[in-house]
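Data first, discussion second: the structure below is written as structure tokens.
The values are calculated or read from the model by the stated rules, or taken from the named source; none is laboratory data. On a predicted model such as this, the values are computed, not experimentally measured, just so you know. Using ideal geometry, Cβ is built from the backbone for each residue, glycine included, and neighbour counts are taken over all protein chains shown. Ligands, DNA and RNA are stripped out before the accessible areas are found, and what is left, the full protein with its side chains, is counted by its heavy atoms. Shrake-Rupley method; radii C 1.70, N 1.55, O 1.52, S 1.80 Å.
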Amino acid sequence: MWSRIKDQPAVGKLIARYDQLPTRDRQALTVLSLALLLALIYLLIWRPVTQFHDRATASRENAGELVAWMQANQASIEQLGGAGNAASSSAADKPEDGRALMALVTRSAGEAGLSLQRFEPSGDDAIRVWLENAGYADVASWLERLNGNHGVMIDQAALDRGNEPGQVSVRLTLTI
């Protein structure tokens, strides 16, 4: 392979020029080339490998600390996890019937800054709701709060694009 490289015209010219240099210049060029090679090895191989190793070690230590903390606080974590599930499904937060659902929906819509155009009961445990030109993000966060905090489910939904960007007209059937 080395002979194939030497046969290249450009490499042959460089070797000829190198051979014509004085001895001190050849030695200086050799030392400079060796220094450049060592710098490239350090910058392109050694430093990235050590940085990766240091990051991996730190990540492993952080994960170990997290596991140790979680094991030490397992009882508290389980208690908080159980309390969150109990709170989200507790009878106090979930409406008991259609009237309570209607009151909850109208109150929470007002708190969310939404104006209900029309609403009507739909059976014993459902309500139909209409909103016109409401902000999509506002409607989505309101529905998420109703579901997460009170267990209200969306039975049917129809969204139509409003006149302005980000505005929607919504028809919903919400159930408990």
*Quick one: ranking 11, 168, 67 by accessible area, 1.4 Å probe, largest first, what do you get?*
67, 11, 168
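To two decimal places, what compactness ratio does the stretch 2-72 give when its Cα radius of gyration is scaled by 2.2 N^0.38 Å? All intermediate terms of the calculation are to be shown ahead of the outcome.
Working: Rg = 23.9 Å, N = 71, 2.2 N^0.38 = 11.1 Å.
Normalised Rg, Cα atoms only: 2.15.
Find out how many positive minus negative residues lie around residue 97, taking Lys and Arg as positive, Asp and Glu as negative, among other residues whose Cβ is under 11 Å from that of residue 97.
-1
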*Amide H neighbours of residue 122 under 5 Å, at least 5 residues apart or on other chains, H built in the peptide plane: list them.*
127, 128
*Over the heavy atoms of residue 15, what accessible area does a 1.4 Å probe trace out, to the nearest 10 Å²?*
60 Å²
*Would you tally the net charge around residue 144, using a Cβ to Cβ cut-off of less than 15 Å, leaving residue 144 out, and scoring K and R as +1, D and E as -1?*
-2
*Have a look at 110, 163, 127 and report the one farthest towards the positive end of the charge dipole of the chain, computed about the Cα centre with Cβ charges (Lys/Arg +1, Asp/Glu -1).*
163
*Find which of 35, 11, 77 sits farthest along the positive direction of the dipole of the chain, computed with +1 on the beta-carbon of Lys and Arg, -1 on that of Asp and Glu, about the Cα centre.*
11
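Where the only charges are on Cβ atoms (+1 Lys, Arg; -1 Asp, Glu), what is the dipole of the chain about its Cα centre, to the nearest 20 debye?
In total the dipole reaches around 1580 debye.
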*Could you tell me the accessible area of residue 30 in Å² (1.4 Å probe, neighbours in place), rounded to the nearest ten?*
70 Å²
*Environment charge of residue 168, counting only residues whose C-beta is closer than 14 Å and scoring Lys/Arg +1, Asp/Glu -1*: -2
*asked:* Counting only Cα atoms, I'd like the Rg/Rh figure for the stretch 41-84, Kirkwood definition for Rh.
replied: 1.40
*asked:* Whole percent per 10 Å bin, from 0 to the bin with the longest distance: what is P(r) over all C-alpha pairs of the chain?
replied: 8, 19, 13, 9, 11, 9, 7, 11, 9, 3, 0
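At 24 Å minimum axial length over the Cα atoms and a Kyte-Doolittle cut of -0.5, report the qualifying DSSP H helices in the chain, or say none.
Details: long enough: 23-41 (27 Å, 1.18); 47-72 (37 Å, -0.65).
Going by DSSP H runs, the hits are 23-41.
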